[in-house]
Amino acid sequence: MAQEKADFIEIQTPEGTQQTMPVEPENRFSASHVTISLCEVKDVDRVAEGLYACFPESWWAIKEPLELRPLEQITRQTRLAARLRPSFSCPEMKWIKATLNSTGEIIGVAGWMVPGAPVHNIWRKSAAAFYGWQDKFGWTDDEFEEWWQGPALDWDEEFEKNDGYRKELLGDEPHWYLTPLLTFPEHQGKGVGKRLLDWAIDQADATDPVTPMYLESAPTAKAVYMHVGFVEQSAGYNFLRRGPLVAKETSKDKAEKLQVKVEEKKSAEV
Ligand SMILES: CC(C)(COP(=O)(O)OP(=O)(O)OC[C@H]1O[C@@H](n2cnc3c(N)ncnc32)[C@H](O)[C@@H]1OP(=O)(O)O)[C@@H](O)C(=O)NCCC(=O)NCCS
């Protein structure tokens, strides 16, 4: 039987942006259209291409300011791929891809840090020293610095802050951590992202007790995560999932409703 359309979850998004929408049943890729599998190291170039294609310029403008960018986009892409390549063979990270069977093209990607991995995002410049990549791969300082020409000097700051929130919430509790999720624009809204999420959700829910899952969401993507049971946390963009309970409202909505109830009660008491 065809999968039904998801109940719509409405979220607030910044002006000029659009939230994701439930998959229309007639647009959905069937299991025979798409294969979900582990990435190989050679896939890193396509992943770097996807990161520039899928994440908005407003995000990249902060991370890689225009004045620091090389003239050629391909140089930018090659550098990003070089920075991420070690994470494609490190035990702490599983990169998952969705491949369109008819063309063999990668159309979606998820980066999952596995339960038990330390709280240190592989995106950080400091990850090279933290995970011992520079020694392991024998990079020279010059080539390492060349790959890091382009990112803002404070590239690590936001990631470090987010690792702090994650540590605060989960401590040493083993958890899945999603960083990042993307579907190439022409294939969005067809169920690809959900399949990439399910790869880890199925494993997280199969343990007893269930393994927590954590992520930071783009403002436009929150409904995707709430639809599969992630619950918004205090930073407003960080989400935690403990099993398959589906959250229909953000915690902010809940807090506002609670406030209204408190005020109603107070006025009834007067
Ligand atoms: C976010 C993103 C990865 C989603 O990928 P996608 O392939 O378009 O997602 P899907 O089509 O699989 O939709 C995901 C699920 O959420 C559901 N969904 C999406 N928006 C929804 C909404 N507003 N209300 C309820 N459900 C919603 C879909 O119906 C689907 O669930 P289903 O398969 O059970 O029906 C994609 O939009 C993207 O790459 N965006 C740019 C990069 C980005 O923002 N990444 C996320 C960063 S955290």
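Loop-located chymotrypsin sites (Phe, Trp or Tyr not before Pro) in region 1-97 (DSSP state not H, G, I, E or B) with no more than 15 neighbouring Cβ atoms inside 10 Å: Phe8.
Distances between placed amide hydrogens fall under 5 Å for Val23 paired with Ala6, all partners being 5 or more residues away or on another chain. Which Cα, out of Asn27, Gly111, Thr75, lies furthest along the positive dipole direction of region 27-269 (beta carbon charges, K/R +1, D/E -1)? Of Asn27, Gly111, Thr75, it is Asn27. Extension gain, Ala129 to Glu145: 0.36 nm times the residue separation minus the Cα-Cα distance gives 4.5 nm. Shown here for region 1-47: trypsin sites (Lys or Arg not before Pro) in loop regions (DSSP other than H, G, I, E, B) with at most 15 other Cβ atoms within 10 Å, namely Lys5. If the chain linking Asn27 and Tyr52 were pulled fully straight, counting 0.36 nm for each residue of separation and taking away their Cα-Cα distance, it would gain 6.5 nm. Here the Karplus curve 6.51 cos²θ - 1.76 cosθ + 1.60, taken at θ = phi - 60°, turns the phi angles of region 221-238 into couplings of 9, 4, 5, 4, 6, 5, 4, 9, x, 6, 10, 5, 10, 4, 6, x, 10, 9 Hz, with x standing for Gly and Pro. If exposed means no more than 14 neighbouring beta carbons inside 10 Å and the site is in a DSSP loop, what's the longest run of the chain without any exposed GluC sites (Glu not before Pro)? Between the exposed loop sites, the longest stretch runs 106-270. Net length available on complete extension from Trp60 to Lys136 is 24.4 nm, with 0.36 nm assigned per residue and the Cα-Cα distance removed. Projecting label points 7 angstrom from Cα along Cα→Cβ for Thr220 and Glu160 puts them 3.0 nm apart.
Net charge of the neighbourhood of Gly50, taken over other residues with C-beta under 12 Å away and scored Lys/Arg +1, Asp/Glu -1, is -3. Label separation (Asp202 vs Thr35): 1.5 nm, computed from points 7 Å beyond Cα along the C-beta direction. When the inverse distances between all different Cα atoms of the chain are averaged and flipped, the Kirkwood radius reads 20.1 angstrom.
We did not get these values from a lab; they are worked out from the coordinates using the rules stated. Remember, it's a predicted structure, so these values are computed and weren't measured experimentally. Reconstructed Cβ throughout: ideal geometry from the backbone, glycine too, with neighbour counts over all protein chains shown.
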